[in-house]
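Scroll down for the structure; my scribbles are underneath it.
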Amino acid sequence: LSPFTIPPPRSRALQGNEKQAPFRLSLPPPSARSFLSNPPRPVALFLLALPFTATILPSALLRSSTNISAAASAARRFLPSRRSRFLANFLKTTPGPGWAYTRQLTLPMATPKRCPLWKPKDLENRQKLARDLGEAVKLITDNEVVGFPTETVYGLGGNAFSDTAISKIFSAKGRPSNNPLIVHVASKEQVLTLVDRIPTTASKLMDKFWPGPLTIVMKTKSGGQNKLSKLCTCGLQTVGVRMPAHPVALSFIAECGLPIAAPSANKSGKPSPTTAAHVLGDLGQDIAGVIDGGETGIGLESTVVEVSEGKDPGSGHVTILRPGGVTIEMLRSVVGSENVSVDPGLNGDETKLKPKSPGMLYTHYAPNAPMWLVKGSKNFFQKMVNSSRKEGKKVGVLVMEDGKIEADHVEVLAKDQSDLKTASHNLYASLRAFDSTDVDIIFAPLLSQEGIGVALVNRMVKAAGKRVVHEGGDSNASR
């Protein structure tokens, strides 16, 4: 007979979520199995398998047992039936020659914890909203980390002044230590807890785009006045700050009374979360809770800009470090075309740059299967798909509805090529959908880079690890 497992005697109190390591108890060899002569062997096997597996194995039954006899007594109390008494008598049998009674080498295991989920009911009522967020606010002030919604993606928030909280963010995400965090505020007054002064150009951008998907990188406070965690800025003398345009986020930050450092609430390198379910799936075992504010609106992270002051007031220059919901055209309409430029790292070798904001380095937003961007006709796209399927691969495609392609799994971003706003909103959810399939490779079209399309293509290129294949030309990576 196969060995079975019962919990051993408890020699000490269990700590926290620690589980008791089991003993391994092997049945005696045939020479020692006289007890099986009555009832017959087939019946005995049935009796051993059914009630023992169903009822005696649970640790709750035997947790108080100090030896095998006590286990038998517990079995008799719990199962008064005849076959249970038979099994209990077997357990009470004194171990003799041929018994193997050895402790398994089992490390303590943490039982999966249930991640709290708070869902505010009335987003327009500030008092009710504050009451619904009370537990989450308390966790932030205790230096825990909490997932919360913004208009872009869900963020993983922690006290920006606390090394403890910031280290928990990096640990939960598995985030590289040289990738700085964006700090979220609920008012301009909170900005002044992070920087000595707000440059005139930065103030113009705040007035125009805050609250909204724009992060502004500014110099931190100097000397001992800088309370910001150095882990948050990765040792830089600058910090990216933004005010989210989401009622839950604004209320949450205001109730905390602290600036909240928050990257996207996903495992580092994976698609950003646009629903609370995404956050729970990625980080549910590693964080203190999640605020469910529904599906996010924009679906792509904020635009990040660095503002440098000019010689004359208001003549500062704006450099785009990461494209997002606030486009280059929108920025130029506020500060002038000549005062806006794009960081060369967006078009060049990013590995030589020291990141001033999130999203400047590393492969980001990637699904589990390798992804390729295809630049060319619909026929060429289908040819790429067919070629991979002939190799025995299961193929997923990420397309606009007007470019229907035959594949093993199809995710549709939007109704046509021109609807880039909807495509941006759906991108991360579509990338995550592939992870629940068995596709081996993903193909997606290289879309137009107009308006928010710049940010959309930026995320898709990073998700593909810069793998692009051109019709009639060479690819820049090998499959």
For segment 190-318, build the charge dipole from Cβ charges (+1 Lys, Arg; -1 Asp, Glu) around the Cα centre, then report which of Gly240, Val304, Gln225 sits farthest towards its positive end.
Gln225
Under the 7 Å Cα-to-Cβ spin-label approximation, Val410 and Arg197 lie apart by a distance in nanometres of 5.9 nm
For Glu338 and Asp440, compute 0.36 nm times the residue count separating them, minus their Cα-Cα distance, and round to one decimal in nm.
32.2 nm
State whether segment 139-179 is rounded, prolate or oblate according to the following rule on the C-alpha gyration tensor (a ≥ b ≥ c being the square roots of its eigenvalues): a/c under 1.5 gives rounded; otherwise a/b larger than b/c gives prolate, and the remaining case gives oblate.
oblate
Assuming R0 = 25 Å, what is the FRET efficiency of Ala277 and Thr164, from their Cβ-Cβ distance, to the nearest 0.05?
0.35
How many Å² of accessible area per residue for segment 365-460, probe 1.4 Å?
44 Å²
Per residue, how much accessible surface does segment 164-274 expose to a 1.4 Å probe? Answer in Å², no decimals.
35 Å²
Starting from the Cα of Lys375, step 7 Å along the direction of its Cβ; do the same at Ala433; then give the gap between the two resulting points in nm.
2.7 nm
Of every hundred units of 1.4 Å-probe accessible area on segment 114-159, the number belonging to carbon and sulfur atoms, as a percent, is 45 percent
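Kindly identify segment 142-257 as rounded, prolate or oblate by the Cα gyration tensor criterion: order the square roots of the eigenvalues as a ≥ b ≥ c, call it rounded if a/c is under 1.5, otherwise compare a/b with b/c, prolate if a/b is larger, else oblate.
oblate
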Could you sort Glu406, Glu135 by accessible area so the largest value comes first, with the probe set to 1.4 Å?
Glu406, Glu135
Setting aside same-chain residues fewer than 8 positions from Lys219, which aspartates and glutamates have a Cα under 13 Å from its Cα?
Asp196, Glu306, Glu309
Violations at 27 Å Cα threshold for listed pairs Lys208/Lys230; Lys383/Lys466; Lys173/Lys230 -> Lys208/Lys230
Roughly how many percent of the accessible protein surface of segment 257-332 is carbon and sulfur, given a 1.4 Å probe and a whole-percent answer?
50 percent
Subtracting the Cα-Cα distance from 0.36 nm times the residue separation, let me have the gained length for Asp142 to Lys267 in nm, one decimal.
42.7 nm
Computed label-point distance, nm, for sites Ser448 and Thr422 using a 7 Å Cα→Cβ extension
1.4 nm
Using a 1.4 Å probe on the protein heavy atoms, what percent of the accessible area of segment 378-471 belongs to carbon and sulfur?
46 percent
So for R0 = 35 Å, FRET eff. of Arg114-Lys227 from the Cβ-Cβ r, to 0.05, ends up at 0.55
Would you kindly state how much longer the chain becomes between Glu401 and Ser177 on full extension, computed as 0.36 nm times their sequence separation minus their alpha carbon distance, in nm to one decimal?
76.7 nm
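The values are calculated or read from the model by the stated rules, or taken from the named source; none is laboratory data. On a predicted model such as this, the values are computed, not experimentally measured, just so you know. Don't worry about glycine lacking a Cβ; one is built from the backbone with ideal geometry, like all the others, and counts go over all protein chains shown. Surface areas here come from the heavy atoms of the whole protein model, side chains and all, with no ligands, DNA or RNA. Shrake-Rupley method; radii C 1.70, N 1.55, O 1.52, S 1.80 Å.
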